[in-house]
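Here's the structure we're looking at; comments come further down.
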Amino acid sequence: MLICIDGSYYAGLTNDLAQRILDHCSGKGPAYTKITKPKLLVWYESHPTREAAVIREKQLKGWNRAKKNACERHPSPWSCHTQRVASPRLTSC
């Protein structure tokens, strides 16, 4: 999950996180991140199948802002596959 320069969150899925971030930063990502540039990668998860990732992406997109904020600040209580990223800055954006 990315936090964008306007403070909004963006959730998506990929099988190559590093490349996906580069795509977002260079404007090759989806329309949303072309307009609201990504600022910080705050969360990522790995899943055993693409289908599981799609289900989780839809779940994340349905969350309210308070729940996304909590996800950003704390290790997830919702998934055993969750991994916290040490808040790397997207300096190339």
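The values are calculated or read from the model by the stated rules, or taken from the named source; none is laboratory data. Values in this document were obtained by computation on a predicted structure and should not be read as measured data. We place every Cβ from the backbone using ideal geometry, glycine too, and count neighbours over all the protein chains shown.
The set of residues from region 1-24 being in contact (Cβ under 8 Å) with a residue 40 or more places away in the chain and assigned to a loop (DSSP other than H, G, I, E, B) comprises 1, 11, 12, 13.
I'd like the full set of residues that are out of contact with any helix residue (DSSP H, G or I) (no Cβ under 8 Å at 6 or more places or on another chain) and either at positive phi or surrounded by 18 or more Cβ atoms within 10 Å (Cβ to Cβ) (or both), limited to region 40-55. Passing the criteria: only 53. Among the criteria (1) closer than 21 Å to residue 22 by Cβ; (2) modelled with pLDDT of 50 or more; (3) not charged (D, E, K, R), the one residue 93 does not fulfil is (2). Among residues of region 58-75 that are at pLDDT 80 or above and surrounded by 11 or more Cβ atoms within 10 Å (Cβ to Cβ), those with a Cβ under 8 angstrom from a residue that is assigned to a helix (DSSP H, G or I) and among the aliphatic types (A, V, I, L, M), sequence gap 6+ or separate chain, pair up as 68/60.
Here's a check for you: in region 41-70, which residue that is in a helix (DSSP H, G or I) and of a type in the set (Asp, Glu) is nearest to residue 6 (Cα to Cα)? Spell out the reasoning first.
Here is the first cut: in region 41-70, the ones in a helix (DSSP H, G or I) are 50-61, 65-70.
Next, only the ones that are of a type in the set (Asp, Glu) stay: 51, 57.
On the way: 51: 30, 57: 21 Å.
Ranking the qualifying residues of region 41-70, first place goes to 57.
Among the residues of region 25-37, the one identified as surrounded by 15 or more Cβ atoms within 10 Å (Cβ to Cβ), outside any loop (DSSP other than H, G, I, E, B) and modelled with pLDDT under 85 is 25.
Could you tell me how many of the residues in region 1-45 are touching a His at 6+ places or on another chain (Cβ under 9 Å) and aromatic (Phe, Trp, Tyr)? Qualifying residue count for the region: 1.
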